[in-house]
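None of the figures in this text is laboratory data; all of them are computed from the coordinates on show. What you see is a predicted model, and the numbers here were worked out from it, not measured in a lab. All Cβ positions, glycine included, derive from the backbone under ideal geometry; neighbour counts span all protein chains shown.
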Amino acid sequence: MITLKLKQQLADFTLDLDLTLPARGVSAIVGPSGSGKTTLLRCVAGLEKADQALIEINGNCWQDSQRGLWLPPNKRALGYVFQEASLFDHLSVQGNLDYGRRRSAEPAGNEQAAQIIELLGIGHLLQRGTTGLSGGERQRVGIARALLANPRLLLLDEPLTALDPQRKADILPYLERLHAELDIPLLYVSHSPDEVARLADHLVLLENGALRASGPLQTMLPRLDLPMAHSDDARSVLHGQVSACDDHYQLLELTLAGSVLKLRVPHAALPLGQQVRVAVQARDVSLALEKPQHSSVLNQLPARIEAIEPGNHPAQTLVRLALGDNALLARVTRYSADQLQLQPGLEVWVQIKAVALFD
Ligand SMILES: Nc1ncnc2c1ncn2[C@@H]1O[C@H](COP(=O)(O)OP(=O)(O)OP(=O)(O)O)[C@@H](O)[C@H]1O
């Protein structure tokens, strides 16, 4: 478990929060510009000495003001990856990686180092200089260098922001692999709903230096009291397991977690039983009172309305639905909501027009 109790005054900005995060997986830190995301990471890293703090990472205490304990940054076993990798350009890629290992009291062993290099797909770059690397390659080397120090925690501060869309798309699968295979927790600051939907397990929302909300991603995204549900590209994340593959039509069947409900998703075959997550945009979900007949939409599932709220635009209504154990967000017109007399507790059929699958 990660405990972050922090109070830090910076001129007229105050960071004041009390946060508990899971011991592993990706905790995404989101919030408006200036809400304190980077300051939070800097306090955790010891680059900022919080006025009052209790910082404990899976049993390792890095700061406890009540006991007068404060470890300087170089005594904290963490990796910090910024928007742009600050590699040493006089060293080769291998030289940069060796530096990462040397600066740690307990660096990664050879086997682990080979695994990290493989995970990040940089084996073919080791002898290269750093100046000719693409932005995405530089970031992958930067992340590998951080991991080779064998950190207890990896901090990533908008690691993809400086990359163009193609490079972002190239590097995301590597981050997904890290997420699946690393045992250490990651704190990931991001402004990108796509990255958050793909990578995060837990979501922390900061506002004005304070904690607005924190919880598992799939319960945070559909919360109608939080701003994510009201953004134009609001979405829900559902978890499921591959239960069948239709080679002829190139469709996967997924059984949703905690239910017998099944989704069909256009995708090449994956191993049966593989856990996957899917993201569904609220605007791609429509509602009907009866099971739609003769529709081209693949996914029609029974659901129950849990809550309804006005949307950002006066013409829109946001609806949170229970789909088995999963929460699903739908955005429909206020007109339709009135016509169908939508209300909490009502059993409806959802039609899901598009599903993004992250494997
Ligand atoms: N050293 C400092 N002295 C005074 N104020 C600071 C200092 N560092 C940060 N701040 C202020 O603290 C606030 C939070 O900054 P921070 O960089 O943590 O926000 P952020 O959520 O990461 O923003 P962004 O999304 O724009 O990166 C801002 O108002 C910033 O101006």
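What the table shows:
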quantity: Of GLN293, GLN241, GLN112, the one that fluctuates the most in a GNM where the chain has Cα springs shorter than 10 Å; calculated: GLN293
quantity: As computed over the range 235-358, the Cα convex hull volume per residue (Å³); calculated: 97 Å³
quantity: Interatomic Cα distance distribution for the range 2-217, bins of 10 angstrom, percent; calculated: 8, 35, 36, 18, 3
quantity: Mean separation of Cα contacts under 8 Å (6+ apart) over length of the range 1-105, as relative contact order %; calculated: 24 percent
quantity: Values of log10 I(q)/I(0), in the order q = 0.17 Å⁻¹, for the range 49-159 under a Debye, Cα-only, solvent-free model; calculated: -0.80
quantity: J(HN,Hα) series, the range 214-226, from Karplus relation 6.51 cos²θ - 1.76 cosθ + 1.60, nearest Hz, glycine and proline x; calculated: 8, x, x, 3, 6, 9, 6, 4, x, 6, 6, 8, 10
quantity: Likely footprinting exposure, THR317, THR333, THR14, fewest C-beta neighbours within 10 Å first; calculated: THR333, THR14, THR317
quantity: Inter-probe distance in nm under a simple model that places probes 7 Å from Cα toward Cβ, at ASP164 and ASN312; calculated: 2.8 nm
quantity: Computed magnitude of the charge dipole of the range 2-217 (debye, nearest 20; Cβ of K, R +1, Cβ of D, E -1); calculated: 440 debye
quantity: Residue of ARG198, ARG67, ARG334 that the Gaussian network model of the chain assigns the largest fluctuation, springs spanning Cα pairs under 10 Å; calculated: ARG67
quantity: Theoretical ellipticity at 222 nm over the chain - DSSP helices of four or more residues, -39500 (n - 2.57) apiece, nearest 500; calculated: -6000 deg cm²/dmol
quantity: Phi-based couplings in Hz for the range 77-92 (Karplus 6.51, -1.76, 1.60; Gly and Pro marked x); calculated: 7, 9, x, 10, 10, 9, 4, 10, 5, 8, 7, 7, 7, 7, 10, 6
quantity: Listed peptides 145-154, 343-352, 52-61 by packing density, highest first (mean Cβ within 10 Å); calculated: 145-154, 52-61, 343-352
quantity: Low-density loop cleavage sites - GluC sites (Glu not before Pro) in the range 253-320, where at most 15 other Cβ are within 10 Å (DSSP); calculated: GLU290
quantity: Fully extended contour minus Cα-Cα distance, from GLU106 to ALA356, at 0.36 nm per residue; calculated: 86.0 nm
quantity: Sparse-neighbourhood loop sites, chymotrypsin sites (Phe, Trp or Tyr not before Pro) in the range 148-251 - DSSP loop, at most 13 other Cβ within 10 angstrom; calculated: TYR249
quantity: Semi-axis lengths (Å, descending) of the ellipsoid that matches the C-alpha gyration tensor of the range 122-275; calculated: 29, 24, 15
quantity: Order of PHE82, PHE88 - criterion: other Cβ atoms within 10 Å of each residue's Cβ, fewest first; calculated: PHE88, PHE82
quantity: Cα centroid separation - the range 99-161 against the range 19-92, whole Å; calculated: 18 Å
